[in-house]
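For reference, the structure is listed below as structure tokens.
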Amino acid sequence: MGFLNPWFLAGAAAVGLPLWIHLLRQYRSTPHPFSSLMFFERRTQSSIKHRRLRYLLLLSLRILLLLMIALAFANPFVTRTTGAAEGRKMLVIAVDNSFSMRYAGHLDRAKQAALQAVSNLRPGERGQVLAVGSHIHFMTQQVEDADALKAAIQSIQPSDERSSYGELARALRTLSQSVRTPIEAHLVSDMQKSSLPPAFADLRLGNDTNLIFHSVADSKDPNWMVESVTAPAKIYDPKKVRVQAVIAGVGTEAAKRTVSLVLDGKVLDSKPVDIPAGGRASVEFLSLESPHGFHQAEIRIEPHDALSEDDRFVFAVERADPHPVLFLHTSGQQRDELYYRSALESVPEAGFVLEPLPVEQSANQSFSKYAFVVLSDVGALPAGLESNLRAYVNGGGSLFVALGPSSAALGHVPVSGETIQGSSYAARDQERFQTVATADTEHPALRRTNKLEAVQFYQLIRVDPGQSRVIARLTNQVPLLLEKQVGEGRVLVFTSTFDNLSNDLPLHTSFVPFIEETAKYLGGQQGQSTNVAVDSYIELRSAKEHSAAVDVVDPDGKHPLSLKEATTSPSFQVNREGFYEIHRTNGRQEMVAVHADRRESDLVTVPQETLDLWRNTGRSTEASTTTGDAGNPARPWSLWRYALLLVLITAIIESLLASRYLSVEKEAA
């Protein structure tokens, strides 16, 4: 017998408390009136008789209660073998079916090793089969039928997921807490080092868990792969497209590979590339001829190796025409339009074409065809223009309002409705200019602008933000950039101009990124990527789109979402390679290319010392130093619960006796 927390035994010193209470009770005497004490001899009265122990049974119970409390906190245990304590174990067979297990028949070898591990299941014991990927898939319940376990192992198919040993350790800890029997776990895997979690603590196993490794890979397995591809999601001019690919080798010798650009199954171009030993090389294609619409593209290397699935990298492209942007300005004032156009056209493949129009001619203009509308320093709006703009924004459109000297007469910001309080000018007797003091650099409009640092603002329009979100403020706390959600659309308000008069923003390097990012944000081109890894999430709807149905078509042409999920799910997780089509209720269609995580292509194995450390986390110190009969490991069996039960029983008896004795003492008094 031993104690897991022996220092708590020091609490046994508290047994002196009931002894002190019982021995040094204050002596109480009843005073009696007497006429005179002159005939009594003065002497010292002995108090020994008052120091007698009283209520010995109550004293014993109190001492026992304190001793049992100290014993419970010390956590006593007895050591006994697993066979004597449990009598049986649970068999867990975890088969890695991640993307890397496609290499040279590794999954078939893993199934054979798993079938052999089923023979460790003894009569009366239960077993369970797991498939290890980015998530743990339970292939069976806890059953005693060995044939059911073998059938589940044979049914395991390769996946495109990335294996996670951290998820496996978490599942084994959960099982250990639920079954309360020793677990014998067999992990059949290629033991990739990339499958380890960032923190070793995440590999911790539960008590009485014996993890046995079965490796089906060789640490020297070579592999070539297409590591990454950089390509535009939309193509506006096929002759200006640049597609870059990185070809890498892991554990490989120097070799030459042929890299091909494939579009819709047709090879457009091929180039040879020399890959250094265990290194990487890049290749670039300078055009991507394609008709309008969505296309399935890929970069392919030849000849194939033992893991041919990562010799190709899929990506989706869309050939489209540039989106028109309506720029409304006051007639005769074209300076701001000149700067805005120059910035927008300087962005390669921006995907926007500017259409300027005097605001006086826009009363009956239809805005539905425009990606967004810019309202630049307008002093007066024609009748019906603001209501048309509000309807356009409510339906999901975007409006960019730039306020200048002419805008001070409006009284409020068009569509968003913030109150315009007047103009703010720099003066010689005060501050000559204002700069940006605070800015939300995480907002898409300011992500690449470095907070508009060093830009000088000479004149601003003071706007009461109201319910709008303030994205940037100047040093005098006047809002510079505001945003407000209106219906399904948004309004972005810039309280200055683009004409290089109210500020010097067009002279700074942050001007072009500011125009580019705001255009992409308002035009809806800052959405999710069309080239994602397996296990990523695709956004299906915004927070305000509650009932809009979104149809998802997987690479097999099936519809993985139910009707309820299609109308309520905010996102969808992709779990395999290929092309997914997304059809939205507003008629917009998207194509997303999904590729396997390239960390799965790194076949470097986990060092043996790391595996030994992982295995030892399932063994306690006492269990590892003591063995029982027949080679069964001896493990501690805690008596803490029994000690706590004795504490409870002793406390109840002590309370009953104390109540009885105290009541007798009260009656005697």
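The values are calculated or read from the model by the stated rules, or taken from the named source; none is laboratory data. These numbers come from a predicted model, not from an experiment. Counting neighbours? That spans all protein chains shown, and the Cβs are built from the backbone with ideal geometry, glycine included. Only protein heavy atoms, including side chains, enter the accessible area calculation; ligands, DNA and RNA are left aside. Shrake-Rupley method; radii C 1.70, N 1.55, O 1.52, S 1.80 Å.
Tell me whether the stretch 332-341 contains one or more residues that are within 17 Å of G265 (Cα to Cα) and basic (K, R).
no
Given the conditions (1) open to solvent by less than 50 Å² (accessible area, probe 1.4 Å); (2) modelled with pLDDT of 80 or more; (3) more than 19 Å from S176 (Cα to Cα); (4) touching a Ser or Thr at 6+ places or on another chain (Cβ under 7 Å), report the number of the one that K111 does not fulfil.
Condition not satisfied by K111: (4).
Could you figure out which of (1) buried (at least 21 other Cβ atoms within 10 Å of the Cβ); (2) without any contact (Cβ under 8 Å) to a residue 60 or more places away in the chain; (3) not in a strand (DSSP E or B) isn't true of R170?
(1)
State whether the residues of the stretch 76-94 include one that is modelled with pLDDT of 90 or more and open to solvent by 70 Å² or more (accessible area, probe 1.4 Å).
No, the stretch 76-94 has no match at all.
Conditions first: (1) open to solvent by less than 40 Å² (accessible area, probe 1.4 Å); (2) modelled with pLDDT under 90; (3) in a loop (DSSP other than H, G, I, E, B); (4) polar (S, T, N, Q). T567 passes all but one, so which condition is the exception?
Failed condition: (3).
Which condition from (1) in contact with a His (Cβ under 8 Å, 6 or more places away or on another chain); (2) surrounded by fewer than 22 Cβ atoms within 10 Å (Cβ to Cβ) is the one that V455 breaks?
(2)
Identify, by number, the condition in (1) among the hydrophobic types (A, V, I, L, M, F, W, C); (2) open to solvent by 20 Å² or more (accessible area, probe 1.4 Å); (3) within 39 Å of the chain's Cα centre (by Cα) that V317 doesn't meet.
Of the numbered conditions (1) among the hydrophobic types (A, V, I, L, M, F, W, C); (2) open to solvent by 20 Å² or more (accessible area, probe 1.4 Å); (3) within 39 Å of the chain's Cα centre (by Cα), the odd one out for V317 is (2).
Of the conditions (1) modelled with pLDDT under 95; (2) buried (at least 19 other Cβ atoms within 10 Å of the Cβ); (3) among the hydrophobic types (A, V, I, L, M, F, W, C), A146 clears all except one; give me its number.
(2)
How do the pairs read when you match residues in the stretch 383-409 that are under 19 Å from Q333 (Cα atoms) with residues anywhere that are in a loop (DSSP other than H, G, I, E, B) and among the acidic types (D, E), using Cβ under 8 Å and keeping only pairs 6 or more apart or on different chains?
Note: pairs meeting the criteria are A402/D377; L403/D377; G404/D377; G404/D499; P405/D377; S406/D377; S407/D377.
Taking the conditions exactly as written (under 15 Å from Y236 (Cα atoms), at pLDDT 90 or above and assigned to a helix (DSSP H, G or I)), does L344 satisfy them or not?
Judged against the criteria, L344 is a match.
Tell me, which strands (runs of 3 or more DSSP E) lie completely within the stretch 241-298 with 3 or more residues that are open to solvent by 60 Å² or more (accessible area, probe 1.4 Å) and not basic (K, R)?
Of the strands (runs of 3 or more DSSP E) lying wholly inside the stretch 241-298, those with at least 3 residues that are open to solvent by 60 Å² or more (accessible area, probe 1.4 Å) and not basic (K, R) span 266-275.
Give S376, S362 a once-over and let me know the one that is crowded, with 20+ Cβ neighbours inside 10 Å, small (G, A, S) and without any contact (Cβ under 8 Å) to a residue 60 or more places away in the chain.
After applying the criteria, what remains is S362.
Report, by residue number, each residue of the stretch 485-514 that is open to solvent by 50 Å² or more (accessible area, probe 1.4 Å) and part of a strand (DSSP E or B).
Selection gives Q485, R490.
List every residue pair whose Cβ atoms sit under 7 Å apart, with the two residues 6 or more apart in sequence or on different chains, where the first one lies in the stretch 606-619 and is under 12 Å from Q192 (Cα atoms) and the second, anywhere, is surrounded by fewer than 17 Cβ atoms within 10 Å (Cβ to Cβ).
V606/K193; L611/F213
Sort out which residues of the stretch 299-318 are outside any helix (DSSP H, G or I) and within 17 Å of T258 (Cβ to Cβ), and write them in order of number.
Matches in the stretch 299-318: I299, R300, I301, E302, P303, H304, D305, R312, F313.
Give the residues of the stretch 301-319 that are over 28 Å from G351 (Cα atoms) and either basic (K, R) or touching a His at 6+ places or on another chain (Cβ under 7 Å) (or both), sorted by residue number.
Selection gives D311, R312.
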